[in-house]
Structure formats: C-alpha cells, structure tokens
Amino acid sequence: MTTLLNTNVPQQVLLVDDEPAILQALVRTLRRGAADGLWPPLRTETFTDPLAALARAREQNFALVISDFRMPGMNGAQLLTALREIQPDCRRIILSAHADFEGLTQAVNAARISQFLSKPWNEPELLAVVHEQLAEHRRHVETELLAEQQRLARGELSPQEIERRRLERMEPGITRVQWSDDGAYVLDPIGAEAV
C-alpha cells in the first residue's frame, strides 16, 4: 500500500498539566521515545492552563493529547470532552495521581479517553501507550485519506473538497469564512485590532 500521509511531518502532541515540572518530565520522556526510535521526533506544545490549551486546539490539529486530571478551572475530563468535540480523531490520554472514580468514569464516557495512566507513571508503560496511540492515529488518518481517494475516483468528492479537507486537517477552521450581510468577509476582531 502506498503511503498517503507525509511521514516526514512530525505528529503534533498537546501536553496539559498545571504543574510545569510534570510538563517538562513528559517532554523529556517523549524525546527519549524518539531517541529510542519508537517514533519520529514529535512537535509538542505544553500548557499549564487547560482553557489556553483548548483555544490552541481550535487552531492546530493534534494527534495526541496527554492531560492531567485535576487542574484548576477545568479538569482533564472536561478538557478532553471539549477537545473531542473540536478534534474527534485526536487520541486522548489522562494522567491522575488520585483515584477519583466518578471523574474517571466521566472521562471514559464523555471524553472517550484512549488510556488512563496514574502519576507517577511507569516510563516504559507510558512510552508503550504513546507509541500505540500515535500509531493508531496515523492508521486512522491513512484510512481516511484512502477512503477520500476512493470517493474522488468514484466522483463522490471533488478535488476541491479533498483539498479543503486536507487544509482543515492541518489548520482547523481555516476554510470557514464569516460573511457579512452585504457579502463581504468579516476579519477576525483580534486581527483587526492588531492592525
């Protein structure tokens, strides 16, 4: 089978924990996995604020998110549930130092997390889980791309729709345009203020 996915583009990973030291440890562990040849180098983004992480997920697609469970403002289950709405194909792992079964049940049911790991984590187990989740994400994207190519060949999708989907996978929201009543497009208010 020909590879439809560009494997030279690093997979994006989002790390969310209110403790910067935990984020640094996760980044080191992921780098070790790349150094050990478990996966190609990753592009990681770290956030101590779950709301800021969620805002970033509206701008950038991620293959995997690893989130702490207990965080101020928004817990990991709430974050991963909201992220699932934005990026349903993103794999979700939750870390927790506490056995909060009601919260974990919410995470499994609403957020449909891929995996739960306890803190402190067992490094070989974390590496194995991340390897499995990144491979699963890559297989899922490959399958979607293959299905799109088949639908294009049957005339069910246009080349423009294929390109729109590709752009959306790279930059969520890039193809959505807000129009005014007179037919002009509306600039992002943040961008307009910066001018």
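The values are calculated or read from the model by the stated rules, or taken from the named source; none is laboratory data. Keep in mind it's a predicted model, so treat the numbers as computed, not measured. Here the Cβ is made from the backbone with ideal geometry for all residues, glycine too, and neighbour counts use every protein chain on show.
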Residue list for region 86-132, filter: at pLDDT 75 or above, hydrophobic (A, V, I, L, M, F, W, C), over 16 Å from the mean Cα position of the chain (by Cα) and assigned to a helix (DSSP H, G or I)
Leu126, Leu127, Ala128
Residue within region 50-67 that is closer than 21 Å to Asp89 by Cβ, hydroxyl-bearing (Ser, Thr, Tyr) and surrounded by 14 or more Cβ atoms within 10 Å (Cβ to Cβ) present:
yes
Among the residues of region 30-44, the number that are surrounded by fewer than 16 Cβ atoms within 10 Å (Cβ to Cβ) and in contact with a strand residue (DSSP E or B) (Cβ under 8 Å, 6 or more places away or on another chain) is 1
Every residue from region 14-45 that is β-branched (Val, Ile, Thr) and closer than 19 Å to Ser118 by Cα
Val16, Ile22, Val27, Thr29
